[in-house]
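Chemist: Pasting in a structure now, in structure tokens, and then I'll have a few things to ask.
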Amino acid sequence: MKILLLEDDFTLSKEISAFFSSKEFECTPYYDGTFLLKKYFPYEYDLIILDINVPGINGIEVCKGIREIDKKTPIIMLTAFSEIEDKLSSFDSGADDYLVKPFHFDELYARVQSLLRRKEVPQQIENKITIKDLEIFEEEMKVYRSGEEIKLTPKEFKLILILAHAKGKVLSKQFIAEKLWDYHIETNQNTIEVYINFLRKKIDKDHETKLIRTKVGYGYYLSDQE
């Protein structure tokens, strides 16, 4: 297994590389975001770890750049920033997980293992899900409403899939959080409400029939029926 690491703290980078080497991983370190993007080749690595505050292009922009050419390789953001805005920015850029410094190497290893297991599980993909005039293409990761493509971030796309797969069943914020992230981010459940509002603005705002619905006190569901 090959890991790509972007971390400008030389001592920490060396410690992380040595730790994963002891677990029989090959860890390739980079210290500059701009240089990493110039060298990156799609699917060359099994997993990517990115610090945010690095020289050159920061980790969030590096993540966006990677996602333009590589939609599938798992990405973990490893950073000293713990504000919810930084976490949301990381997920919106395409990251799969987020770990705040200081951290225990065993926790980082557990998250790496979790993402790699998820990557290896064969996915049975329905090519298209249709709800009224909403079309969701899972394999292509594209969404259309009334024939017009809707641009979603990776997390927004994952959220609409979670709702669509429930087939009209009401999902609690807790359930959605567990599905949206492998690990709970340290925030309250209002984070889910934020993402639901993002989706509503993109999917329902300009349409008479609203598809993303709330059952007060219970949660959210996707349906063209009240």
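Chemist: For the range 1-103, what is the charge dipole size about the Cα centre, in debye to the nearest 20, if Lys and Arg each add +1 at the Cβ and Asp and Glu each add -1 at the Cβ?
Modeler: On the way: 11 positive and 19 negative charges, 51 e Å.
Computed charge dipole of the range 1-103: roughly 240 debye.
Chemist: How big is the accessible area of residue 11 in square angstrom, nearest 10, if you roll a 1.4 angstrom probe over the protein chains?
Modeler: Surface accessible to solvent at residue 11 totals approximately 80 Å².
Chemist: So between residue 69 and residue 165, what do we pick up on full extension, going 0.36 nm a residue minus the alpha carbon distance?
Modeler: Values: separation 96, 0.36 × 96 = 34.56 nm, distance 2.67 nm.
Value of the extension gain: 31.9 nm.
Chemist: Using R₀ = 25 Å, calculate the FRET efficiency as 1/(1 + (r/R₀)^6) where r is the Cβ-Cβ separation of residue 128 and residue 204; round to 0.05.
Modeler: On the way: r = 20 Å, r/R0 = 0.80.
Once the sixth-power term is evaluated, E becomes 0.80.
Chemist: Place +1 on the Cβ of every Lys and Arg and -1 on the Cβ of every Asp and Glu in the chain, take the dipole about the Cα centre, and give the residue among 177, 30, 222 whose Cα lies farthest towards its positive end.
Modeler: Comparing the listed Cα positions along the dipole, 222 ranks first.
Chemist: State whether the range 128-226 is rounded, prolate or oblate according to the following rule on the C-alpha gyration tensor (a ≥ b ≥ c being the square roots of its eigenvalues): a/c under 1.5 gives rounded; otherwise a/b larger than b/c gives prolate, and the remaining case gives oblate.
Modeler: Details: a/c = 1.72, a/b = 1.36, b/c = 1.27.
Prolate shape, in that a/c is at least 1.5 and a/b is the bigger ratio.
Chemist: Leaving ligands, DNA and RNA out of it, rank 76, 69 by accessible area with a 1.4 Å probe, largest first. Could you put the intermediate results ahead of the total?
Modeler: Values: 76 0, 69 90 Å².
The most accessible residue leads, giving 69, 76.
Chemist: For the chain, with a Gaussian network of springs between Cα atoms less than 10 Å apart, report the residue from 102, 55, 42 with the top mean-square fluctuation.
Modeler: 102
Chemist: Around residue 49, which amide H atoms from residues at least 5 apart in sequence, or from another chain, sit under 5 Å from its own amide H, with H modelled in the peptide plane?
Modeler: 4, 5, 6, 76
Chemist: Report the Cα-based extents of the range 10-105 along its three principal axes, largest first, to the nearest Å.
Modeler: Result for the range 10-105: principal-axis Cα extents of 32, 30, 23 Å.
Chemist: Pick out, in residue order, every one of the GluC sites (Glu not before Pro) in the range 80-116 that is DSSP loop and has at most 13 other C-beta atoms within 10 Å; say none if there are none. Don't jump to the answer; show the numbers that get you there.
Modeler: Details: sites: 83, 85, 107; in loops: 83.
Answer in residue order: 83.
Chemist: From largest accessible area down, sort 214, 34; use a 1.4 Å probe on the protein chains. Mind showing how you got there, number by number?
Modeler: Values: 214 70, 34 45 Å².
From most exposed to least exposed: 214, 34.
Chemist: May I ask you to derive the FRET efficiency for residue 216 and residue 175 from their Cβ-Cβ distance with R0 = 25 Å, giving the value to the nearest 0.05?
Modeler: Details: r = 16 Å, r/R0 = 0.66.
Efficiency at R0 = 25 Å is approximately 0.95.
Chemist: Once you put a point 7 Å from the Cα of residue 38 and another 7 Å from the Cα of residue 107, both along the Cβ direction, what distance in nm separates them?
Modeler: Between residue 38 and residue 107, the label points sit 3.6 nm apart.
Chemist: Under Stokes-Einstein, with the Kirkwood radius over Cα pairs standing in for Rh, what whole-number D in µm²/s applies to the range 60-122 at 4 °C and 1.567 mPa s?
Modeler: 105 µm²/s
Chemist: Given the rule -39500 (n - 2.57) for each run of at least 4 DSSP H residues, summed and divided by the residues of the chain, what is its mean residue ellipticity at 222 nm, to the nearest 500 deg cm²/dmol?
Modeler: On the way: 8 runs with 90 residues, N = 226.
So the calculated ellipticity at 222 nm is -12000 deg cm²/dmol.
Chemist: A further question on this structure: About the Cα centre of the chain, what is the dipole size in debye to 20, counting +1 per Lys and Arg Cβ and -1 per Asp and Glu Cβ, all else neutral? If you can, show how the numbers build up before the last one.
Modeler: Values: 33 positive and 40 negative charges, 141 e Å.
For this selection, approximately 680 debye.
Chemist: Separate question: With a Förster radius of 25 Å, plug the Cβ-Cβ distance of residue 12 and residue 119 into 1/(1 + (r/R0)^6) and report the FRET value to the nearest 0.05.
Modeler: Working: r = 25 Å, r/R0 = 1.00.
Step by step, r from the Cβ atoms, then E = 0.50.
Chemist: Can I ask one more? Any chance you could list P(r) for the chain, counting all Cα-Cα pairs in 5 angstrom bins from zero, rounded to whole %?
Modeler: Answer for the chain: a P(r) of 1, 6, 14, 18, 18, 15, 12, 8, 5, 3, 1, 0 percent.
The values are calculated or read from the model by the stated rules, or taken from the named source; none is laboratory data. Everything quoted here is computed from the prediction, not taken from an experiment. Glycine gets a Cβ as well: all are built from the backbone with ideal geometry, and neighbour counts include every protein chain shown. Protein only, heavy atoms only, side chains kept; ligands, DNA and RNA dropped before computing areas. Shrake-Rupley method; radii C 1.70, N 1.55, O 1.52, S 1.80 Å.
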